[in-house]
Amino acid sequence: MRVDEYVQHDATSLAGLVERGEVSSDALVECAATAAAALNPQLNAIVSPLDVGATPTAGGPLHGVPILTKSGHGRRGGPAGAGSRLLSALHMGEDDIFCGRLRAAGVVFVGATTAPEFGLYAVTESRLHGPTRNPWDLTRTPGGSSGGSAAAVAAGIVPVATGGDGGGSIRTPAHCTGVFGFKPSRGRTPFEGNLLFNISVNHVLTRSVRDSAAFLDVTQGAYPGARYHVPPPARPFAAAAASEPGPMRVGFATALPGFARADPECSAAVLGAASVLESMGYDVTESSPSVNWAEFFDAFMCAWTHSLPWAIEGAQRRAGVRADADTLEPMTLRYRQQGELVTTRELLEADQVFRRVTRAVDDFFASFDIWLTPTAVSEAPAVGTFDPAGAEESAREYSLRVLRDYSAFTPLLNVTGHPAASVPIARSSRGLPVGVQIVGPACDDARVLAVSGQLENAKPWRDRIPPVWAGIRPEAAGR
């Protein structure tokens, strides 16, 4: 198989070719390695050359599909550092439950993608690896913290790469790079590193909705030690993604009152998605949950930083290296200082805020079936805009700037646990991707996937190809 043929297939299609004996797993791995060698010098999305000798576990519905894992994810042999110089010499000893389920599904782990330090940032820029760049415009970021995964998928190096989402870290990179990014419900997939507030969840970034659903089918489900258990799906998520959800009431918003408003391009994307859904016969109304956004983000800042001093102490012991200015990003040091100031009273008050906003979102879904928002406040920012090594602000000032100017629409759903996806149905006047966030009722991952599939059919993005692309661009093919 040639690389220009390889990039025409999503993971579901590639798995079918392998199953029918039309292509070998080795050939797919070779295509991925060829694409990575050609494009990674421009993107800086992959931390080392791909493993061309990697082989899949026999059998499984995704047998033979090459994928990349985010740096810091629990894949046997993968880098433990998550973009930090402190842990750069360490590798994972064994698969965690999430990666173990992927391995059992037959995927081929061919390498690891870049991430910012400890996954803390909404851009993928670190002193360890340097900035990762967006295949749509190399002067812009692919987002974070799963920016390396998003860039690799968007450029056609692999059809799927893993991501983690603790405040938008799957959805924001999906918005920046024009891929599909789904954050499952809290507890739907294994995430063994969660702490008090359980805001993070594992999944993947893909170029199609059906791939995201197929990977959710093989990774979802209860696991030993899980703090949250969600109802199992009534049918496979792949089937739900290909179905119509039935009559729906859709609420949409383009602002978070008193805190942030999406720019005109991101607002227009929401209005366009609302119009498409209205044309399908759904009842569409401008409406949002009733949330005190300033109060919420103060509480989120508390939750974001409170465990960092403890986590850095543990990382320091694992690495046998001192955690200081030589091993941590300047902003990470400030976050650690911020975390050291958090009191038990503040944690309890943050928990009460989170209870109120969760009730507000649940109350909203008593009247609506879907909530549409921008995925982000703006299109992909320029590299360096939110560089954690370049910012001179305090941790609080930096965080508020990132939220107000860029990433305000995603963290709420990490706190409440509702399923949410970024769907790449629009482009800005500069030609950059623009995502729309689809949020569903508690535990209703199937509905979010179904609506995402409908929008994909109505506004297909498969043929939107970035300038940095592993295959042959249409204009080149016509010459």
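The values are calculated or read from the model by the stated rules, or taken from the named source; none is laboratory data. As the structure is a computational prediction, the values presented were derived from the model and not from experiment. Cβ placement follows ideal geometry from the backbone for every residue including glycine, while neighbour counts extend to all protein chains displayed. Ligands, DNA and RNA are excluded from the accessible area calculation, which covers all protein heavy atoms including side chains. Shrake-Rupley method; radii C 1.70, N 1.55, O 1.52, S 1.80 Å.
Which of the residues spanning region 363-376 are of a type in the set (Asp, Glu) and either in a loop (DSSP other than H, G, I, E, B) or within 23 Å of the chain's Cα centre (by Cα) (or both)? Full working, then the answer.
So in region 363-376, the residues of a type in the set (Asp, Glu) come out as 363, 369.
Selection gives ASP369 alone.
For ASP324, indicate whether it is more than 30 Å from SER275 (Cβ to Cβ) and under 24 Å from the mean Cα position of the chain (by Cα). Step through it out loud before you land on a result.
Details: more than 30 Å from SER275 (Cβ to Cβ): yes; under 24 Å from the mean Cα position of the chain (by Cα): no.
Considered against the rule, which asks whether it is more than 30 Å from SER275 (Cβ to Cβ) and under 24 Å from the mean Cα position of the chain (by Cα), ASP324 comes out as no.
So if I check each of SER290, SER307, which one is on the phi < 0 side of the Ramachandran plot and open to solvent by 60 Å² or more (accessible area, probe 1.4 Å)?
Details: SER307 fails: open to solvent by 60 Å² or more (accessible area, probe 1.4 Å).
Exactly one residue qualifies, and that residue is SER290.
Can you say whether ARG473 is basic (Lys, Arg) and without any contact (Cβ under 8 Å) to a residue 60 or more places away in the chain, as far as the supplied structure shows?
Here the answer is yes, as ARG473 does meet what is asked.
Return the total of residues in region 108-143 being assigned to a loop (DSSP other than H, G, I, E, B) and either among the polar types (S, T, N, Q) or at negative phi (or both). Give the steps one after another, and end with the answer.
Residues of region 108-143 that are assigned to a loop (DSSP other than H, G, I, E, B), as a first pass: 114-116, 120-124, 127-129, 132-133, 135-136, 138-139, 141-143.
When the remaining residues are screened for being either among the polar types (S, T, N, Q) or at negative phi (or both), the result is 114-116, 120-124, 127-129, 132-133, 135-136, 138-139, 141-142.
Qualifying residue count for the region: 19.
How many residues are of a type outside the set (S, T, N, Q) and either open to solvent by 90 Å² or more (accessible area, probe 1.4 Å) or modelled with pLDDT under 95 (or both) when one looks only at region 311-348?
9
Would you pick out the residues in region 20-39 that are part of a helix (DSSP H, G or I) and either open to solvent by 50 Å² or more (accessible area, probe 1.4 Å) or out of contact with any helix residue (DSSP H, G or I) (no Cβ under 8 Å at 6 or more places or on another chain) (or both)? Talk me through it step by step, then tell me what you get.
Within region 20-39, the subset part of a helix (DSSP H, G or I) is 25-39.
Listed by number, the residues that qualify are ASP26, ALA27, VAL29, GLU30, ALA33, THR34, ALA37, ALA38, LEU39.
Grab the helices (runs of 4 or more DSSP H) fully contained in region 387-479, keeping just those with 2 or more residues being open to solvent by 10 Å² or more (accessible area, probe 1.4 Å) and under 21 Å from ASP211 (Cβ atoms).
Values: elements: 395-402, 411-416, 445-458, 474-477.
In region 387-479, 445-458 are the helices (runs of 4 or more DSSP H) which contain 2 or more residues that are open to solvent by 10 Å² or more (accessible area, probe 1.4 Å) and under 21 Å from ASP211 (Cβ atoms).
Restricting region 134-165 to residues that are surrounded by fewer than 24 Cβ atoms within 10 Å (Cβ to Cβ) and among the charged types (D, E, K, R), which is farthest from HIS9 (Cα to Cα)?
ARG140
From (1) open to solvent by 20 Å² or more (accessible area, probe 1.4 Å); (2) more than 27 Å from GLY193 (Cα to Cα), pick out the condition that doesn't hold for VAL7.
(1)
Residue by residue through region 280-312, note down the ones that are closer than 30 Å to PRO247 by Cβ and either of a type in the set (D, E, K, R) or out of contact with any helix residue (DSSP H, G or I) (no Cβ under 8 Å at 6 or more places or on another chain) (or both). Even if it seems obvious, please write down each step before you answer.
So in region 280-312, the residues closer than 30 Å to PRO247 by Cβ come out as 280-291.
Those that are closer than 30 Å to PRO247 by Cβ and either of a type in the set (D, E, K, R) or out of contact with any helix residue (DSSP H, G or I) (no Cβ under 8 Å at 6 or more places or on another chain) (or both): GLY281, TYR282, ASP283, THR285, GLU286.
Looking at region 87-101, is at least one residue open to solvent by less than 20 Å² (accessible area, probe 1.4 Å) and modelled with pLDDT under 95?
No, region 87-101 has no match at all.
Taking interchain pairs and intrachain pairs at least six residues apart, which have beta carbon atoms under 9 angstrom, with the first residue in region 8-20 and touching a residue at least 24 places away in the same chain (Cβ under 8 Å) and the second assigned to a helix (DSSP H, G or I) and among the charged types (D, E, K, R)?
Every condition considered, the pairs that remain are ASP10/ARG210; ASP10/ASP211; ALA11/ARG210; ALA11/ASP211; THR12/ARG210; THR12/ASP211.
For region 261-326, please list each of the helices (runs of 4 or more DSSP H) lying entirely inside it that holds at least 3 residues being over 20 Å from ALA360 (Cα atoms) and in contact (Cβ under 8 Å) with a residue 60 or more places away in the chain.
Numbers: elements: 264-279, 293-305, 308-319.
In region 261-326, 264-279, 308-319 are the helices (runs of 4 or more DSSP H) which contain 3 or more residues that are over 20 Å from ALA360 (Cα atoms) and in contact (Cβ under 8 Å) with a residue 60 or more places away in the chain.
What's the total number of residues in region 102-124 that are touching a strand residue (DSSP E or B) at 6+ places or on another chain (Cβ under 7 Å), over 30 Å from GLU19 (Cβ atoms) and open to solvent by 10 Å² or more (accessible area, probe 1.4 Å)?
Number of matching residues: 1.
All but one of (1) surrounded by 24 or more Cβ atoms within 10 Å (Cβ to Cβ); (2) out of contact with any strand residue (DSSP E or B) (no Cβ under 8 Å at 6 or more places or on another chain) hold for PRO374, so report the exception by its number.
Condition not satisfied by PRO374: (2).
Kindly establish whether ARG188 is charged (D, E, K, R), within 24 Å of TYR282 (Cα to Cα), touching an Asp or Glu at 6+ places or on another chain (Cβ under 8 Å) and crowded, with 21+ Cβ neighbours inside 10 Å.
On the way: charged (D, E, K, R): yes; within 24 Å of TYR282 (Cα to Cα): no; touching an Asp or Glu at 6+ places or on another chain (Cβ under 8 Å): yes; crowded, with 21+ Cβ neighbours inside 10 Å: yes.
So ARG188 fails the test.
Of these, ALA255, ALA241, ALA226, ALA222, which one is free of Cβ contacts under 8 Å to residues at least 60 places away in the same chain, farther than 29 Å from ASP405 by Cβ and buried (at least 16 other Cβ atoms within 10 Å of the Cβ)?
Values: ALA255 fails: farther than 29 Å from ASP405 by Cβ; ALA241 fails: free of Cβ contacts under 8 Å to residues at least 60 places away in the same chain; ALA222 fails: buried (at least 16 other Cβ atoms within 10 Å of the Cβ).
Selected residue: ALA226, the only one of ALA255, ALA241, ALA226, ALA222 that is free of Cβ contacts under 8 Å to residues at least 60 places away in the same chain, farther than 29 Å from ASP405 by Cβ and buried (at least 16 other Cβ atoms within 10 Å of the Cβ).
Which residues, counting only those in region 75-98, are within 23 Å of SER25 (Cβ to Cβ) and within 16 Å of the chain's Cα centre (by Cα)?
PHE98
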